[in-house]
Amino acid sequence: MPEGHTIHRAARLQRRALKGKVVRADSPQGRFAAGAAVLDGQTLTGIEAYGKHLFYRWSAGDTLHVHLGLYGKFRAFRREDPADPLPPTTAGTRLRLVADDIVLHLAGPTACDLVDPAQEDALVARLGPDPLRRDADPERAWAALARRTIPIGAALLDQRILSGVGNVYRCEALFVTGLWPERPARALSRPEFDRIWATVAAMLRDGEKAGRILTVDPADVGVRTRSQVPGGERVYVYKRDGLPCRRCGTTVLTWTSALRAIFACPSCQHAPAALEAAS
DNA sequence: AAGAATGTTATGTA
DNA sequence: CTACATAACATTCT
């Protein structure tokens, strides 16, 4: 269940565990047997994250491209003794990497394939700036938004405009910036865009550090809520439809935007007056 | 056991 | 080329 923070965190932790090491690779379920055979015995020279994509660089020049999709997961195991048996793989395991005392399982990703430089360039060229990357250029996102009539809520999910944001962060970032998700993207002012960019970057950074999504400001933590939603203590609006807003108590609304459920507080996020009255 | 889910691409239409 | 609707794929969890 990954957004950009999960991917960048995986890159950081796996770099620490595997970079510079000779890696044994295989594909226990045979779902990536040919690719694993190519990587087996190579040294992992680097891992790069771009939006929700990962690129693993190998000593013979190969690049492994991974995208976790909706269900992809990494599982890492530490082995005391290299002679110990390998931990069992669960169904859907595509690739297993073994180095020294580390075993890494990659299960269920949408993409797990070897790419040549042209393919990698094409993939990256389709992505908007990633706020977690040092080389991110917010002007590219600003220019892309200015051309779009789609709602800002939909635009934030479009990886071509800006990359790394998923459904939780789009809802939370719009709440924190106080913007109604249905505002046309190109109607945003520059200061509003700057606030969105800064908010998304800060949220993704926090998530990368913590390893989980936690967007609620400590100042709002004490606000009474009857939320029974798992993880509901850590977000403002995501999956909190029908519950009182943590800030103002107004009922949080949900509807469909860009194929996904979106959640927002009509009061804190300046819904059109008609809608606010109706709720 | 149906349905939802922290994702994305493809296709047809206007 | 943009926008929108719809379907499709993928897998796990409740």
A chain fully extended from A:L70 to A:R31 at 0.36 nm per residue, minus the present Cα-Cα distance, gains in nm 12.2 nm
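With all protein chains present, how much of the accessible area of the range A:4-125 (probe radius 1.4 Å) comes from carbon and sulfur, to the nearest whole percent? Display every interim value, and only then the final one.
Details: 3050 of 5680 Å².
C and S fraction of accessible area: 54 percent.
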If the chain between A:T110 and A:R190 were fully extended at 0.36 nm per residue, the gain over the current Cα-Cα distance would be 25.3 nm
Placing each pseudo-label 7 Å from Cα in the direction of the beta carbon, A:H270 and A:R148 end up separated by a distance in nanometres of 1.9
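How would the range A:33-111 be classified by its alpha-carbon gyration tensor: rounded, prolate or oblate, with rounded meaning a/c under 1.5 and the a/b versus b/c comparison settling the rest?
Working: a/c = 1.77, a/b = 1.20, b/c = 1.47.
Because a/c hits 1.5 or more and a/b fails to exceed b/c, the range A:33-111 counts as oblate.
Quickly estimate the mean residue ellipticity at 222 nm for chain A, helices only: each DSSP H run with n ≥ 4 gives -39500 (n - 2.57), and the total goes over all residues, rounded to 500.
Numbers: 9 runs with 86 residues, N = 279.
Computed mean residue ellipticity for chain A: -9000 deg cm²/dmol.
Please work out whether the range A:138-278 counts as rounded, prolate or oblate from its C-alpha gyration tensor, where a ≥ b ≥ c are the square roots of the eigenvalues and a/c under 1.5 means rounded, while otherwise a/b larger than b/c means prolate and anything else oblate? Write out the running numbers ahead of the final one.
Numbers: a/c = 1.83, a/b = 1.26, b/c = 1.45.
Because a/c hits 1.5 or more and a/b fails to exceed b/c, the range A:138-278 counts as oblate.
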Residue-normalised value, i.e. accessible area per residue, for the range A:138-278 at 1.4 Å probe, in Å², stands at 47
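With charges only on Cβ, +1 for K and R and -1 for D and E, what is the dipole size of the range A:1-46 about its Cα centre, in debye, rounded to 20? Write out the running numbers ahead of the final one.
Values: 8 positive and 3 negative charges, 54 e Å.
For the range A:1-46, the charge dipole is close to 260 debye.
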Taking Lys and Arg as +1 and Asp and Glu as -1, residues besides A:A125 with C-beta under 12 Å from its C-beta add up to +1
For A:R57 and A:D121, extending 7 Å from Cα along the Cα-Cβ vector and measuring point to point gives, in nm, a value of 1.6
Residue span A:E80 to A:D101: 0.36 nm per residue of separation minus Cα-Cα distance leaves a gain in nm of 6.9 nm
Expressed as a percent, the accessible surface of the range A:138-278 that is carbon or sulfur, using a 1.4 Å probe and the full set of protein chains, is 54
Within the range A:113-129, the residues whose backbone N lies under 15 Å from a label point placed 7 Å from the Cα of A:R160 along the Cα-to-Cβ direction are A:122-129
Answer in debye to the nearest 20: the dipole magnitude of chain A about its Cα centre, from +1 Lys/Arg and -1 Asp/Glu charges placed on Cβ, is 480
Measuring from the longest principal axis of the C-alpha atoms of chain A, the long axis of helix A:167-177 (C-alpha) lies at a number of degrees, nearest 10, equal to 40
Per the charge dipole of the range A:5-46 (beta-carbon charges, Lys/Arg positive, Asp/Glu negative, Cα centre), the residue among A:L18, A:V38, A:H5 reaching farthest to the positive end is A:H5
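The values are calculated or read from the model by the stated rules, or taken from the named source; none is laboratory data. Just so you know, these numbers come straight off a predicted model, no measurement behind them. Cβ atoms come from the backbone with ideal geometry, glycine included; neighbour counts cover every protein chain shown. Note: areas computed on protein heavy atoms with side chains; ligands, DNA, RNA excluded. Shrake-Rupley method; radii C 1.70, N 1.55, O 1.52, S 1.80 Å.
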